[in-house]
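Below: one structure, written as structure tokens.
The values are calculated or read from the model by the stated rules, or taken from the named source; none is laboratory data. Keep in mind that this is a model prediction, so the values were computed, not measured. Neighbour counts are summed over all protein chains in view; Cβ atoms, including those assigned to glycine, are modelled from backbone coordinates with ideal geometry.
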Amino acid sequence: MSGSVRVTLPDGSAREVPAGTTPRQIAEGIGPGLARAALAARVDGAVRDLDRPLENDASLALLTDRDPEALEVLRHSSAHILATAVRELFPGAGIGFGPPIEDGFYYDFQVDRPFTPEDLERIEGKMAEVARRDFPFVRDVVDRAEANRRFADDPLKLERIAELGDEETITVYTDGPFQDLCRGPHVPSTGRLKHFKLLHAAGAYWRGDERRQMLQRIYGTAWFKKEDLEAYLHRLEEARRRDHRVLGRQLDLFSISDIVGPGLVLWHPKGATIKWLLSRAVEDDNVASGYDLVYTPNVTREELFYISGHLPLYAANQYPPMGAGAGESEDVRYMVKPMNCPMHALIYRGQQRSYRDLPIRLSEVANVYRNEKSGTLHGLLRVRGLSMDDAHIFCTMDQVEDEIFLCLDQVDRLVRKTFGFELDFEISTRPEERLGGDEVWDRAEAVLRRALERKQIPFRIDAGGGAFYGPKIDIKFRDAIGRMWQGPTIQLDFNLPERFELEYTGPDNKPHRPVMIHRAIYGTLERFTGNLIEHFAGAFPVWLAPEQVRVIPISDAQAGAARGLAARLKAAGLRAHVDDRNETLNYRIRDGEIHKVPYMAVVGQREAESDSLALRVRGAGKKQEVMEVEAFIARVGAEVREKAIAP
């Protein structure tokens, strides 16, 4: 290698250096402080190792622990240190994949038995030893024969090598006694890993394929600072306390039965109340916003999904077709629907439309079914039977921006203001497998960008994250302990109107294609309810609480007065329950606290005689306040109408 290359630094300055100079050497030339702090380099936008030579002119940024990309590199290296430790303790372990993930890393291993908590403790201790030995991460470019030789004892790696294309560069990283097939990048040496924790182990199918062998996946986390690790572990503990599956049992909200099937939710009365209230809130807002309610069947002929393009592109997520109905041809097959949009398109197509009729807004809270892999199912957060608060808007191109504004305003009312969530916006652009040409996608993506810019809403780009029929605005929300959840979505679609030949008559008396907007506010009621359980730790706002008031008589002498009070509360539209069990007063109050009831109305003889109640408010400890019944009804009624977050 000869000659020189021009390196442009973030401040705009440039340096001429010999070809083959490494980013580490440039850092050393700038100063010893930067050389010690540098962890990786960003070269023409791509993150690389510090010791990878620069072969061409390039822009260069040296990454330290202040850069988010460096944390991802640290976690990738942590996965390799984990594998190094496992191989030392379990020499015959097969090595799968070990990527960085949000907040941490994992690595898959093929071993004879599942890892135990004691194993994880030993492995974590060995990782600390590997870190102290400060092995450098060394990158080697090898040919296929050399790669096969190096991994001759590991069938998992040989399978991956066989899949690599002839033109692909094969790289191997070594740290001390361990080597792995890997693209990198990595931190300079294992000694950079100081603050880490192994979290748990779980089974994971090789390549995510249920037909392949089960591997053991170890999850961990790593941070640059001890306080960041401790804060994260605290958040994990808080997340365990808020786990919606645990609270769902404790509060008697829902269950999932093996007899019914995984991913299929049985809503108990209290959980069904929450789901009904959420459905009513979005339907009421839809009606007030000019939507028409519709209902469509749960099953449809398979042909519909060929017209829509879901088959074959969405086939992996759909349940297999069923046989024909009685008296129908054997060639006819039916499928349960995974979404509502094709049927809403047919409702639109059911009559002639004029530009004067548009926009047409159709909404439906509907059950749909998706064949999610069993390993991905997780309580309410990932299910097979979904209730979608779905809507589809058919409009002219000139109306698209205003309709997106309408959707954004609904999101603001129903999600941000109602529940206090912070919102985060992304525009998800064209995936590799998609319907329609680039010209259509260019136009659709530009519309979404312009709408958010005009609303002055900051957003990121999720390249390739769009639906197969169009780009979308994905909106995430941050919960009480800082986690981000997938929420509302607004999807722009120029393709389904074309495939279903949807038309309206324009002012020129000629047929035109409408634009179709797919929109969901909560996403699915299952996932959103799970999010709310964890966000509020089961302590729902008064308007959403399945039981708003628990009436507790001090003794049997006040039982009649307590039942009369509950009847008045119910007549006022409140959800009240009398706890007159033969238990102590403290036991019944404690039970109300465990079930996170917003208000407990204690009725003694004085309250029974004075048309009052002794009020205990959730979260206020043992404090009691004596109130007149009518004043209490007015207070709670106002909180319900205003959808107050806290009692």
Inset, instruction - From 427, 457, grab the single residue that is part of a loop (DSSP other than H, G, I, E, B) and closer than 20 Å to residue 485 by Cα. - result: 457
Inset, instruction - Being in contact with a helix residue (DSSP H, G or I) (Cβ under 8 Å, 6 or more places away or on another chain) and among the hydroxyl-bearing types (Ser, Thr, Tyr) is the filter; apply it to the stretch 357-412 and report the residue that is nearest to residue 208 (Cα to Cα). - result: 387
Legend entry - Output for the stretch 436-446, where each listed residue is touching a residue at least 40 places away in the same chain (Cβ under 8 Å) and either surrounded by fewer than 19 Cβ atoms within 10 Å (Cβ to Cβ) or more than 25 Å from the chain's Cα centre (by Cα) (or both): 436, 440, 443
Legend entry - Answer residue from the stretch 216-229, given it is among the hydrophobic types (A, V, I, L, M, F, W, C) and outside any helix (DSSP H, G or I) and is surrounded by the fewest Cβ atoms within 10 Å (Cβ to Cβ) among those: 224
Legend entry - Qualifying strands (runs of 3 or more DSSP E) (wholly inside the stretch 70-181; at least 1 residues being among the aromatic types (Phe, Trp, Tyr)): 104-110, 170-175, 178-181
Legend entry - Residue count, the stretch 230-274 (criterion: in contact (Cβ under 8 Å) with a residue 60 or more places away in the chain, part of a helix (DSSP H, G or I) and either hydroxyl-bearing (Ser, Thr, Tyr) or closer than 23 Å to residue 484 by Cβ (or both)): 11
Legend entry - Any hit, the stretch 290-304, residues being surrounded by 18 or more Cβ atoms within 10 Å (Cβ to Cβ), of a type outside the set (Val, Ile, Thr) and within 27 Å of residue 415 (Cβ to Cβ): yes
Inset, instruction - Evaluate the following for residue 207: is it at pLDDT below 95, out of contact with any His (no Cβ under 8 Å at 6 or more places or on another chain) and farther than 30 Å from residue 377 by Cα? - result: no
Inset, instruction - Filter the stretch 446-491 for residues that are modelled with pLDDT under 90 and acidic (Asp, Glu) and give the result. - result: 479
Inset, instruction - Report whether or not residue 211 is under 31 Å from the mean Cα position of the chain (by Cα) and part of a loop (DSSP other than H, G, I, E, B). - result: yes
Legend entry - Residue identified as assigned by TED's automatic domain parsing to the domain that holds residue 572, surrounded by fewer than 17 Cβ atoms within 10 Å (Cβ to Cβ) and of a type in the set (Phe, Trp, Tyr) among 587, 599: 587
Legend entry - Lone unmet requirement of (1) in a helix (DSSP H, G or I); (2) over 30 Å from residue 284 (Cα atoms); (3) of a type outside the set (Lys, Arg); (4) touching a strand residue (DSSP E or B) at 6+ places or on another chain (Cβ under 7 Å) for residue 602: (1)
Legend entry - Given (1) surrounded by fewer than 22 Cβ atoms within 10 Å (Cβ to Cβ); (2) more than 26 Å from residue 536 (Cα to Cα), index of the condition residue 484 fails: (2)
Legend entry - Residue within the stretch 333-353 that is surrounded by fewer than 20 Cβ atoms within 10 Å (Cβ to Cβ), assigned to a loop (DSSP other than H, G, I, E, B) and aromatic (Phe, Trp, Tyr) present: no
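Each row is one residue, and each column tells you yes or no for (1) among the aromatic types (Phe, Trp, Tyr); (2) part of a loop (DSSP other than H, G, I, E, B); (3) in contact with a helix residue (DSSP H, G or I) (Cβ under 9 Å, 6 or more places away or on another chain).
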| residue | (1), (2), (3) |
| --- | --- |
| 11 | no, yes, no |
| 15 | no, no, yes |
| 35 | no, no, yes |
| 50 | no, yes, yes |
| 55 | no, yes, no |
| 59 | no, no, no |
Legend entry - Test: residue 426 is of a type in the set (D, E, K, R) and under 15 Å from the mean Cα position of the chain (by Cα): yes
Legend entry - Count of residues meeting criterion [assigned to a strand (DSSP E or B) and closer than 22 Å to residue 344 by Cα] in the stretch 510-564: 12
Inset, instruction - Answer yes if at least one residue in the stretch 573-583 is among the hydrophobic types (A, V, I, L, M, F, W, C) and closer than 24 Å to residue 380 by Cβ, and no otherwise. - result: no
Inset, instruction - Determine if the stretch 104-124 includes at least one residue that is within 29 Å of residue 22 (Cβ to Cβ), out of contact with any helix residue (DSSP H, G or I) (no Cβ under 9 Å at 6 or more places or on another chain) and of a type in the set (S, T, N, Q). - result: no
Inset, instruction - Filter the stretch 432-462 for residues that are within 30 Å of residue 311 (Cβ to Cβ) and of a type in the set (A, V, I, L, M) and give the result. - result: 435, 440, 444, 446, 447, 448, 461
